[in-house]
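Since the structure comes first, as C-alpha cells, the remarks are kept for the end.
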Amino acid sequence: MSAQMNARRKRPGKDEELTFKERLAALRNLPAFFRMVWQTSPGLTIANTLLRVAQSAMPLSLLYVGKLIIDQVVLLSKDASHSATWLWELVAIEFALAIVSDALSRAISLLDGLLGDLFANHTSIKIMEHAARLDLDQFEDAEFYDKLERARQQTSGRTVLLAQVLSQVQDVITVAFLAAGLMIFNPWLILLLLLAVVPAFLNESHFNDLYYKLAWGQTSDRRELDYIRYLGASDETAKEVKVFDLSNFLIDRFRAISDKFYTDKKTLQVRDSIWGTVFAFVGAAGYYAAYVIIILQTIRGRLSIGDLAFLAGSFRQLRTTFQGILIRFSSVTQGALYLRDLFEYFEIQPKMVAVARPRPFPRPIQTGFTFEDVGFKYVNSDKWAIRHLSFTLHAGEKLALVGENGAGKTTLVKLLSRLYDPVEGRILLDGVDLREYDINELRTQVGVIFQDYQRYQMTVSQNIAVGKITESHNQPMIEEAARQSLAYPLIEKMPHGFDQMLGRRFSQGVELSGGEWQKIALARAYMKDAQLLILDEPTSALDARAEYNVFLHFAELTRDKTAVLISHRFSTVRMANRILVLERGSLVEIGSHQELLDKKGRYAELFELQAAGYK
C-alpha cells in the first residue's frame, strides 16, 4: 500500500502544467515509435507515406484549376467568340483531380487501419515478450503494475499517433504550397493567418496537457475500478458475492470512484468548451479580416474574380490546415507523452541477470541443493519471509515442508525454482551457486505445481500441456501425464474427452470441482521430465484419502527423482524421507517423521493437535 501511495505522489498533479519545452522533449520518443512501426510492416509504411505526399498536392491543384475555370467563365461571358475548349478541358482536369483525391484518401484510410491493427498486435506481443523476461517480484510492485497498465493502453491508442504524424507531414507540405500562393499576392495575409490560429493552438495545448495529467493520475484508481467491475460480474466471484451480500458494497465503491472520474473530466471538458469557443471567435475574426482585404483588392481591380476565389479558398484551406497542424502538434506531443509510458515499461530490466557463460544443468543431479544462510524478503516489505535458512535437499530425496500459513514454505519453493534470488546467503546445486546455471534450463528441470495454480479456460489437452507447452501436440505424452495424475478416468467421462473445453467462459465449457481441477493441474507436473518435482499444496481440495493416494502415486513415480511436497495433512508428509519444519521463516526442526516425534518438539506438537481432530 505504501508503494502505491508513493507512486501516486510521484505523478504530476492535476493542475500542474508541462512546459512547451517538455512537450518538445516528448517528441524524442517518436523515432523509437517509428522504428516499431517500421518493424511492424515496412511495405505498408512506405506505401502510406508516398500516398500522403501525393495527397498533399491535391488542395492547391484543385484551387488553382478552380481559379482558371472561373477566369475562363468570366472571359467567355464577356466575349463569346473565344473557344470554350480550354474551359471544358479544365473541368475534366478538376473532375480527374477530385476522383484521384478521393481515391488517395480512401487508400490512406485503408492503410492506416491495416497498419494500425498490425501495430497493435505487434506491440501487444512485445509487451508479453518483455513481461516474460521480468522477475516475479516486479509483478508484485504497485508502481510496476501502473506502468504495465499504461503500456497496455498504448497498444491500440498509439496507432492513432501514426496517422497523426503522417497527416502532419502531409499538411505541412500542403501549407507550404498554399502559403507560397498567398505570399505572392499579399504577405500580410500570413500575419492574419497566424492571428487566426495561434491562440487556438495554445489553448488546445494547454487542455491536452491537463487531460494527460488527469488520465495519468487515475491509472491506479482505474485498475481498482476494473477490478471491482470484475468482482461484481464474474462467474468466479458470484458465489461469494451472493453469500456475503457484497453486491451493494461493490456497487457503492464503483459508483464513488466512477462518479469522481466523471466529475473531474466534466469540469475539465466544460472549461475546454468555454475557452475553445472564445478562441474560435478570434480565429473567425482573423479569417474574415483577410477575406475583406481580398474582396477590396478585387473591387479595385487588382485581382480577378478567379484570383478572389483562389485566394479566399486558399486562405480558408490554409487556415483550416494550419490550425489542424498546430492543434495536431499538441495531440502529437500528447501522444508522445503517452509513448513515454510504453518505453518506460520496456526500459524496466530484470534484476535476475543471466551470467555470461552459464553452466549446463547437471544431468543427473549428484549431491543436491544446499541452502547456506539464506534470507529473503518481498519487495516493499520490512519483514523477512525467510532468514538464516541452512539445510541440504539431497539428490533423490523426498522432502516435506511443514509449518503454519506464512511460515515461508512457498517462498522456499520459489527460491528453489529460482523465481526469486536470495537477498542474503546463497543456494548451491552440486556445490555451485544456483545463479551460475542457465535459468531457462534450470526451470525445465524443475516441475512445480503451486497451491494457487491457474484454471485455464482452454481444452483439457491444453490445460495439461501447460506443464511443457513445447509438447502441446504430443497427445500420447499428454494422456500419459493424465494417467499419472489420476485424471484420466475423469477425462474419459467428459463429452469431448481431451478436447473438452474447461470453464464457463466459452461455449460448451464444463466447470470442474476443486478436486477435479487439481488432478488436471497435477498432470502438468508429470508433463516435464524434470529432475526436481515440487507440489505446493496442490491437493488441498481433495479429501484425506484421495490426497494420500495421489501422494502415494507421486512417490512411486518420483522414485529416482528429487521431490519436495507441502501439505497440511501429516498423514501425507510422513511418507517423505525427511520433514523440514518452518516457523516464521526459520528452520525449527528437520528429520524423519519418527525422529521428529521422538524429539517431542514443534512437529510432534502439530502432529498431536491434528491427530486429536480426527478422534
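What the table below lists for this structure:
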| read-out | value |
| --- | --- |
| Cα gyration tensor shape of the range 449-529, rounded if a/c is under 1.5, else prolate or oblate by comparing a/b with b/c | rounded |
| Flagged links, alpha-carbon separation over 29 Å, of 213/377; 126/414; 147/260 | 213/377 |
| Neighbour-count order for 211, 526, fewest beta carbons within 10 angstrom listed first | 211, 526 |
| Residue-averaged [θ]222 nm for the chain, counting only DSSP H segments that reach four residues, each worth -39500 (n - 2.57) | -21000 deg cm²/dmol |
| Neighbour net charge for residue 197 - beta-carbon separation under 15 angstrom, K R +1, D E -1 | +1 |
| Added length on full extension, which subtracts the Cα-Cα distance from 0.36 nm per residue, residue 494 to residue 507 | 3.2 nm |
| Burial ordering of 529, 430, fewest other beta-carbon atoms within 10 Å first | 529, 430 |
| Order by protection proxy (mean Cβ within 10 Å, highest first), peptides 161-168, 509-516 | 161-168, 509-516 |
| Ordering of 374-380, 133-139 by burial proxy (mean other Cβ atoms within 10 Å per residue, highest first) | 374-380, 133-139 |
| Reported label for calculated P(r) over Cα pairs in 20 Å bins from 0, in percent given (i) 14, 35, 26, 15, 7, 1, 0; (ii) 19, 48, 28, 5, 0; (iii) 19, 56, 24, 1 | (i) |
| Net +/- balance of residues flanking residue 482 in space, Cβ distance below 15 Å, scoring K and R +1, D and E -1 | 0 |
| Candidate aspartates and glutamates - alpha carbon under 18 Å from residue 493, same-chain residues fewer than 8 apart omitted | 479, 480, 511, 516 |
| Reach of residue 600 by Cα under 19 Å, taken over aspartates and glutamates that are not fewer than 8 positions away in the same chain | 404, 583, 589, 608 |
| Axial C-alpha extent at least 27 Å, average Kyte-Doolittle at least 0.0 - helices from the chain (DSSP) | 58-78, 85-133, 159-185, 188-217, 247-299, 305-347 |
| Residue 292 paired with residue 347, simple spin-label distance in nm, labels 7 Å along Cα-to-beta-carbon | 5.2 |
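No lab work stands behind these numbers, since they all come straight from the coordinates. Keep in mind that this is a model prediction, so the values were computed, not measured. Note that we place each Cβ from the backbone using ideal geometry, even for glycine, and neighbour counts take in every protein chain shown.
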